[in-house]
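See below for the structure under consideration.
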Amino acid sequence: MTNRSHPHDPSQPAYPIRTVCALTGLNPITLRAWERRYGFIEPIRTPGGHRLYTQEHVEQINSALSLLASGVPIGAAARAVRRSAASSSRTDVWSALRRQTIAAIMRFDESALDAIYESALGLQPIEVVTRKLLTPVLEELGRRWESAQGRIAEEHFFTTYTRNKLGARLHHRRRIAARSRLLCACGPGEQHELGLLLFALAAHDQNVACVVLGANTPFGELAAACKRAGCDGIVISMSMQAEAAGLERDLREVVRETNRPVFVGGEASALHGNAIAGAGAIVIGADIGGGVRRLLATLDAAEAKRPRSRR
């Protein structure tokens, strides 16, 4: 039975199959086979018959890949992803939590936010809470401010609250014997750190240490910082849309000076995948789990190619 996707919101991005495969590492032939044999997902069809995929599709593919990596057969993985999608469509829990969060923000009520946040974490892990609660609330606050319904103080209040919560989790993370070390930064002009902090937390869970520089980091600072920190690569988070030609030029310089893998994540990485690849950098997309898997596979492959010193 085919998993019918929800009607597509035209304000949200939709990606061609080559972009989705770049974001997930899945072969296009395999993806089409999964759609045909297991009713895995149903892409949007353009009038010309081309497949388009939403961010939700990307997350479902990454969920299936995680199950496969843990030893679950593809048929069972596809059924699990379909059940999860159906359950998500039937429940209005996240809508209710978003409404409660907006109401608490309008009162500048941090205690109420704490209660809602802990309740949400009881439902899903932090990356899902961010995608279904924190990010939509930030977007709604932006719309309220643009339409004069809300105040910029509300957006600042909630952004600071969320950054503090994620920063505290990162600060108090357990000690690890790191397999790799990464320099993590938001690109020039990028003020939104939440995706970067989430990525650092997810990478830490895979025994990767992260040196986090935070928002609005000039490209010219990255190579020197990477070398001084002894990092094995750089992760750049970008949600803002940049001019493709300038982005490719600037990234190429970072790749050249660093001589280490340079990864670019966030919404802008999917929109400018060709420019990023043209600069010699690696697209890891907006999905945290899938991005960490691609990064680890790249670092492991680079490590395997390095000559081993003789004892």
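Each value in this text was obtained by applying a stated rule to the coordinates, not by laboratory testing. What you are looking at is a predicted structure, and each value in this text was computed from that prediction instead of being measured. Backbone-built Cβ (ideal geometry, glycine too); neighbour counts: all protein chains shown.
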- Over 25 Å, how big is the tail of the calculated P(r) for segment 153-290, in percent of all Cα pairs? 22
- Task: Might you report the magnitude of the Cβ-based charge dipole of segment 175-304 about its Cα centre, with Lys and Arg at +1 and Asp and Glu at -1, to the nearest 20 debye?
- Result: 420
- Item | Relative contact order, percent, segment 105-183 [alpha-carbon distance under 8 Å, six or more residues apart] | 28
- Note on the structure: Expressed as a percent, the portion of alpha-carbon pairs in the chain spaced more than 38 Å apart is 15
- Item | Rg/Rh (Cα only; Kirkwood hydrodynamic radius) as it applies to segment 14-90 | 0.95
- Note on the structure: Projected area averaged over all directions for the convex hull of the alpha carbon atoms of segment 109-176, nm², comes out at 5.2
- On full extension of the chain, what length is gained from Ala178 through Ala304, given 0.36 nm per residue of separation minus the C-alpha to C-alpha distance? 43.7 nm
- Message: Rounded to the nearest 5, what % of DSSP beta bridges with both residues in the chain are antiparallel?
- Response: 20
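Where Lys and Arg each count +1 and Asp and Glu each count -1, what net charge lies around Leu196 among other residues with Cβ under 11 Å from its Cβ?
Charge balance in the 11 Å sphere: -1.
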- Task: At 0.36 nm per residue, minus the direct Cα-Cα distance, what do Arg83 and Ile44 gain on full extension? Give it in nm, one decimal, please.
- Result: 12.1 nm
- Query: 222 nm [θ] for the chain, helices only, -39500 (n - 2.57) per DSSP H run of 4+, per residue, to 500?
  - Reply: -17500 deg cm²/dmol
- Message: Test of understanding: what is the full-extension gain from Ser95 to Asp109, defined as 0.36 nm times their sequence separation minus their Cα-Cα distance?
- Response: 3.1 nm
- Listed residues Leu247, Ala304, Val235: farthest to the positive end of the dipole of segment 196-311 (Cβ charges): Ala304
